[in-house]
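Below: the structure, in structure tokens.
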Amino acid sequence: MKGTILVTGGTGYIGSHTTVELINSGYQVVIMDNLSNSNVEVLKGIEAITGVCPTFYEADCNDEAAVERIFSAHPDICGLIHFAASKAVGESVQKPLLYYRNNLLSLIVMLEAMQRHGTKGIVFSSSCTVYGQPEQLPVTEQAPIQEALSPYGNTKQINEEIVRDTIHAGAPFKAILLRYFNPIGAHPSALIGELPLGVPQNLIPYLTQTAAGIRRELSVFGDDYNTPDGSCIRDYINVVDLAKAHVKAIERILNPELGSPALETFNVGTGRGVSVLELIRTFEQVTGVPVPHKIVGRREGDIEQVWADPKHANEVLGWKAEESLADTLRSAWAWQKHITPKA
Ligand code: UFG
């Protein structure tokens with residue numbers, strides 16, 4: 001055993017896949033999650049894949065007493081991966097205070113607990129949203145941070161600053177900020193995946209629900225962008241690849257021989273930009289399932305095009321996206337069929 005990692009938001013989409021990869025790499029995992037946007041049943045999926053059921057606490061990261069109890073009950077916690085956060089861009093515009101409370105306070109509570117308990121490091125879930133529309137593509141970690149377009153995006157920026165300032169002030173731990181591009185797909189077993197509540201806001205769950213007949217048609221938000229086919233371009237990263245980046249990050253933090261800096265930031269993307277229309281076409285090709293879709297107007301706040309320069313993560317973290325877009329889309333479809341067996 002390599003030690004115990006506390007995973008907040010561990011029953012969520014990226015948290016559950018990361019828990020699987022941590023267990024497969026020999027770590028013990030303690031999950032804390034308030035189940036506000038996830039289902040406790042995911043623990044069964046994790047156990048079916050790994051043979052291990054992680055220790056689970058239904059608790060909110062803003063609840064200082066609960067956080068203290070969990071750290072005290074597990075003195076062997078050596079690292080923290082902090083996923084727990086509210087993540088709906090549109091909702092954050094409607095309920096900014098909820099987003100600032102949930103996303104900022106929880107990080108502060110966790111960092112304070114880490115200091116009290118001598119935890120060696122934190123991996124924080126950040127987002128390519130901090131770059132806004134970059135002037136240069138692919139975007140590197142040195143690109144300027146742009147003004148956030150939503151309270152959600154702003155919480156990512158502020159949280160990066162909170163971590164940066166805490167490290168700068170001499171905190172006795174290390175931190176890695178992972179800037180995710182667009183995570184998609186599911187575990188190849190189709191036993192865990194994304195479980196959106198209500199009408200999906202993101203492209204892939206909407207697309208797979210449309211393919212499954214749950215939604216009538218997918219709206220493509222704009223075909224008049226300055227891109228080859230006019231639709232927006234993103235860097236779609238397989239969720240298992242993304243999960244593996246977290247294992248690399250925690251290993252880097254915990255290995256004193258590497259002498260890594262106290263704070264590092266990595267883009268986690270494939271380096272390849274894919275348009276919305278290209279994505280739909282590829283899905284149809286690899287699954288043989290048609291996706292009824294229509295072009296509608298642009299969605300407010302959308303970035304035209306962004307994709308990662310993942311060189312820093314490739315070379316320093318020793319991580320590289322491995323899964324093809326085709327396999328990733330197949331996994332998303334297999335997961336959709338798993339949760340809606342009639343599809
Ligand atoms: N899209 C559609 N139709 C849909 C949903 C999305 O055409 O029904 C398009 C969007 O316009 C965009 C692309 O598909 O071009 C991807 O959209 P997503 O909503 O899946 O992802 P975003 O790139 O908008 O969102 C991501 C993260 C957020 C983050 C945001 C910031 O999911 O957490 O980037 O830009 F805040």
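The values are calculated or read from the model by the stated rules, or taken from the named source; none is laboratory data. Being a predicted model, the structure only gives us computed values, none of them experimental. Positions of Cβ are backbone-derived with ideal geometry, glycine not excepted, and every protein chain shown enters the neighbour counts. Each accessible area value is taken on the protein alone, full model and side chains, heavy atoms only, with ligands, DNA and RNA left out. Shrake-Rupley method; radii C 1.70, N 1.55, O 1.52, S 1.80 Å.
When the Gaussian network model of the chain links Cα atoms closer than 10 Å, the mean-square fluctuations of 172, 228, 196 top out at 228. Normalising the Debye intensity of the stretch 145-282 to I(0), with uniform scatterers on Cα atoms only, and taking log10 at q = 0.12, 0.21 Å⁻¹ returns -0.66, -1.38. Computed extension gain for residue 315 through residue 147, at 0.36 nm per residue and net of the alpha carbon distance, reaches 57.6 nm. Which one of 168, 293, 82 has the biggest mean-square fluctuation once the chain is modelled by GNM with Cα springs under 10 Å? Of the options given, 168 has the highest mean-square fluctuation.
Put simply, the convex hull of the Cα atoms in the chain casts, on average, a shadow of 16.1 nm².
Span-like helices, the chain: DSSP H, alpha-carbon axial extent 18 Å or more, mean Kyte-Doolittle -1.0 or greater, which ones?
Details: long enough: 151-168 (25 Å, -1.09); 239-254 (23 Å, 0.76); 325-339 (21 Å, -0.29).
Span-like helices here: 239-254, 325-339.
To put it simply, the accessible area of the stretch 126-231 at a 1.4 Å probe is 49 percent carbon and sulfur. At the residue level, residue 44 shows approximately 130 square angstrom of accessible surface with a 1.4 angstrom probe and all protein chains present. When a/c is below 1.5 the answer is rounded, else prolate if a/b is larger than b/c, else oblate, so apply that to the stretch 43-115 with a ≥ b ≥ c taken from the square roots of the Cα gyration tensor eigenvalues. Oblate, because a/c is 1.5 or more while a/b does not exceed b/c. In this structure, the residue pairs whose Cα-Cα separation is over 19 Å, taken from 248/320; 87/248; 87/311; 120/311; 87/120, are 87/248; 87/311; 120/311; 87/120.
Averaging the sequence gap over all C-alpha pairs within less than 8 Å and six or more residues apart, then dividing by the number of residues, gives the stretch 170-290 a relative contact order of 38 percent.
Ordering 216, 272 by how much accessible area each has at a 1.4 Å probe, largest first, what is the list? Each step should come with its number before you reach the end.
On the way: 216 190, 272 120 Å².
Heavy-atom accessible area, descending, gives 216, 272.
Take residue 7: with every protein chain present and a 1.4 Å probe, its accessible area is about 0 Å².
Taking each DSSP H run with n ≥ 4 as -39500 (n - 2.57) and averaging over every residue of the chain yields -11000 deg cm²/dmol at 222 nm.
If you take every residue apart from residue 139 with its C-beta less than 14 Å away from the C-beta of residue 139, what net charge results, scoring Lys and Arg +1 and Asp and Glu -1?
Details: positive: 179, 234, 272, 311; negative: 135, 141, 235, 304, 309.
Charge balance near residue 139 sits at -1.
Would you mind calculating the relative contact order of the chain from Cα pairs under 8 angstrom and at least 6 residues apart, reporting the percent as a whole number? Display every interim value, and only then the final one.
Details: 672 pairs, mean separation 65.1, N = 343.
Rounded, it is 19 percent for the chain.
Computed over the Cα atoms of the stretch 82-133, the ratio of the radius of gyration to the Kirkwood radius (Rg/Rh) comes to 1.04. Evaluated at q = 0.11, 0.13 Å⁻¹, a Debye calculation over the C-alpha positions of the stretch 57-184 (equal weights, vacuum) places log10 I(q)/I(0) at -0.41, -0.56. Taking all protein chains together and a 1.4 Å probe, the residues 40, 240 rank 40, 240 from largest to smallest accessible area.
Taking a point 7 Å from the Cα of residue 217 along the Cα-to-Cβ direction, the residues of the stretch 272-286 with backbone N closer than 19 Å to it are 276-285. Take every pair of alpha-carbon atoms less than 8 Å apart whose residues are at least six positions apart; their mean separation over the length of the stretch 34-99 yields a relative contact order of 19 percent.
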